[in-house]
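A short worksheet on the structure shown next.
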Ligand SMILES: [Zn+2]
């Protein structure tokens, strides 16, 4: 459904086209949630785990750099197709070309818009995962919070809400957000994903939301979560060498390690 929202946004932005897509990316993510939840074992030796994570993070940063280059290429294609579409629309209105000649470039532009939106979405997801992975040690060093306790540092805002929380509570948060801001909650990871498997992180009972905790929407969401007693960790982000990665992680921290059923499984689409 998230994939469809992005596509809808892309289409609305261009006010041009009709297009449907199968939400393939999210389907894959759902599958990975199902697959991974049946595969918990004892964590390997800490040093080995740290080495493995560092390696995965390094690879993710490399993938991120290539994805950024690809985004630039896709942006350029989109710009060219937008110009071509406007040109053909003019020709069509003057009766110089057929409807099918106009449709052809219309379709190509629709696909280009989707590609750009997917690239951006992938980059955001990647930044968020890199941020959680690299800030995990800082999180572990912080003193534990009592039930209902709240703490704030320059990089992290934590709340240890006492309400029972599970992924099944997500719809009520989505409803609050939609009613308040008139748009869907920008969830980038729902429960365990292939990326968390690869990093050996237990993210089974958490969601990530692509909102900066200091933005209006972010602040409003955090105060709603506190009101409801739902635990969260908000990352102000700022990982050197990467884009911000700021986000709100709803649920308890992913400090527990898990072992993936298939360590060779690729996490990333690039
Ligand atoms: Zn998270």
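The values are calculated or read from the model by the stated rules, or taken from the named source; none is laboratory data. Here the structure is a predicted model, which means the values were calculated and not measured. Every residue, glycine among them, receives a Cβ derived from its backbone with ideal geometry; neighbour counts consider all protein chains shown.
All conditions but one from (1) away from the ligand (no atom under 14 Å from the Cβ); (2) part of a loop (DSSP other than H, G, I, E, B) apply to residue 205; the one that does not is (1).
Any residue that is more than 14 Å from the ligand (Cβ to nearest atom), at pLDDT below 95 and surrounded by fewer than 21 Cβ atoms within 10 Å (Cβ to Cβ) - is there at least one of those in segment 176-190? No, every residue in segment 176-190 fails to be more than 14 Å from the ligand (Cβ to nearest atom), at pLDDT below 95 and surrounded by fewer than 21 Cβ atoms within 10 Å (Cβ to Cβ). Can you tell me how many residues within segment 208-220 are crowded, with 19+ Cβ neighbours inside 10 Å and more than 14 Å from the ligand (Cβ to nearest atom)? Of the residues in segment 208-220, 1 are crowded, with 19+ Cβ neighbours inside 10 Å and more than 14 Å from the ligand (Cβ to nearest atom). Residues that are modelled with pLDDT under 60 and either surrounded by fewer than 18 Cβ atoms within 10 Å (Cβ to Cβ) or within 10 Å of the ligand (Cβ to nearest atom) (or both) within segment 239-258 comprise 240, 241, 243, listed in sequence order. Screening residue 223 against (1) surrounded by fewer than 18 Cβ atoms within 10 Å (Cβ to Cβ); (2) assigned to a helix (DSSP H, G or I); (3) within 11 Å of the ligand (Cβ to nearest atom) leaves a single unmet condition, (3). Screening residue 231 with (1) modelled with pLDDT of 95 or more; (2) more than 13 Å from the ligand (Cβ to nearest atom) gives one miss only, at (2).
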